[in-house]
Structures are given as C-alpha cells and as structure tokens.
Amino acid sequence: MTAVVYKDVYTRDELRDLGSKALASALDGALTVDVTQQDDAWGAVVHGPCPRCHHTFSAEYALTALVQDELDGHRRRGVTPNRMQVPVDITCVCKDDHPGHPKDVGGCGASFRVTRRVPIS
Ligand SMILES: [Zn+2]
Ligand SMILES: [Zn+2]
C-alpha cells in the first residue's frame, strides 16, 4: 500500500470531490458531524474516516463566531430562524505519519466541509 503524501493545497475540483466523499460518508453514518450548543457557545464534534487518507480521526471545532454571525445577519433582516445551515470546515488530523507533513502538523492535510442543519432555540 502506498502512503498518502501530505498535501494541503487543492484545486476546486479536488475540494469538491473531498466534500462529496465526506458527505457520502456522513450519510452512511461512517463520519459523524455533531453540532453542539451550550447556551451561546457552539461547536462541532467530528469523528470518522478522512475522505482522502481514510484514517479515522476525531476533532472538535469552535463554531460560535460563525453561528453568531449568521444569527445576527438573520436578526438584522427581522427573521428569527428555527433552523440553520451550519458549515463545518473539517481538517484531517489523523495520527498517521503522512510523508511531507510539516513539523507539529498531523493528518494528511485534507480539508473538507460538511454542512449540518441544526435547530435554533
Ligand atoms: Zn491519514
Ligand atoms: Zn486524511
């Protein structure tokens, strides 16, 4: 098996491809992307296989700024949504040693976005 070389610059087509593989994996239930809310703090907990190197990893992301921005935008237009699309930008942080990765940076370098629809209370 050839090692997947670290790579963090992608063409639009490659990004689209990673995104659609990630989405398929999320629909399958292999990749879980859970958006969490505690009072005004939003985050995402991600677990599953990377669509590029296929290694399983877990990661958490803070989404508060992004979600608050969206909500503020809606409120300025006088709308209070009860559901919202939240884009979660995920970076592979698998523990494998991909050749060429920068010092102190793990994963294979892949980034992809999975959008989640979440209820707003
Ligand atoms: Zn990997
Ligand atoms: Zn990866």
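Since every read-out is calculated from the coordinates, none of them should be taken as a lab result. Quick caveat, the model's predicted, so the values are computed rather than measured. Note that each Cβ is placed from the backbone with ideal geometry, even for glycine, and that neighbours are counted across all protein chains shown.
Could you tell me the relative contact order of the chain? Use alpha-carbon pairs under 8 Å, at least six residues apart, and round to a whole percent.
This gives 30 percent for the chain.
Shown here is the pair-distance distribution of the chain: with all Cα-Cα distances grouped in 10 Å bins from zero up to the longest one, the shares run 13, 40, 30, 14, 3, 0 percent. Largest GNM mean-square fluctuation among 67, 86, 105, using the chain with Cα springs under 10 Å: 105. Work out the charge dipole of the chain with +1 on the Cβ of Lys and Arg and -1 on the Cβ of Asp and Glu about the Cα centre, then indicate which of 57, 100, 41 is farthest towards its positive end. Value computed over the given set: 41. Between residue 41 and residue 84, the modelled labels are 1.7 nm apart [label points 7 Å from Cα along Cα→Cβ].
On a full-extension model of 0.36 nm per residue, what is the gain between residue 74 and residue 11, subtracting their alpha-carbon distance, rounded to one decimal in nm?
Gain in length upon complete extension: 19.5 nm.
Taking amide H as placed 1.01 Å from N in the peptide plane, the amide H of residue 116 sits under 5 Å from that of 86, 88, each at least 5 places away or on another chain. Taking amide hydrogens as placed 1.01 Å from N in the peptide plane, the amide H of residue 57 sits under 5 Å from those of 48, 50, each at least 5 positions away in sequence or on another chain.
Once fully extended, how much extra length lies between residue 115 and residue 61, figured as 0.36 nm per residue of separation less the alpha-carbon to alpha-carbon distance? Write down the numbers at each step before the final one.
Details: separation 54, 0.36 × 54 = 19.44 nm, distance 1.35 nm.
That works out to 18.1 nm of additional length.
Our coupling estimate for the range 90-106, obtained by passing each phi through the Karplus curve with A = 6.51, B = -1.76, C = 1.60 and θ = phi - 60°, is 10, 10, 5, 10, 4, 8, 6, 8, 7, x, x, 6, x, 4, 6, 10, x Hz, Gly and Pro reported as x. Under conditions of 4 °C and 1.567 mPa s, the range 63-121 yields 94 µm² s⁻¹ as its translational diffusion coefficient, taking Rh as the Kirkwood radius over Cα pairs in the Stokes-Einstein equation.
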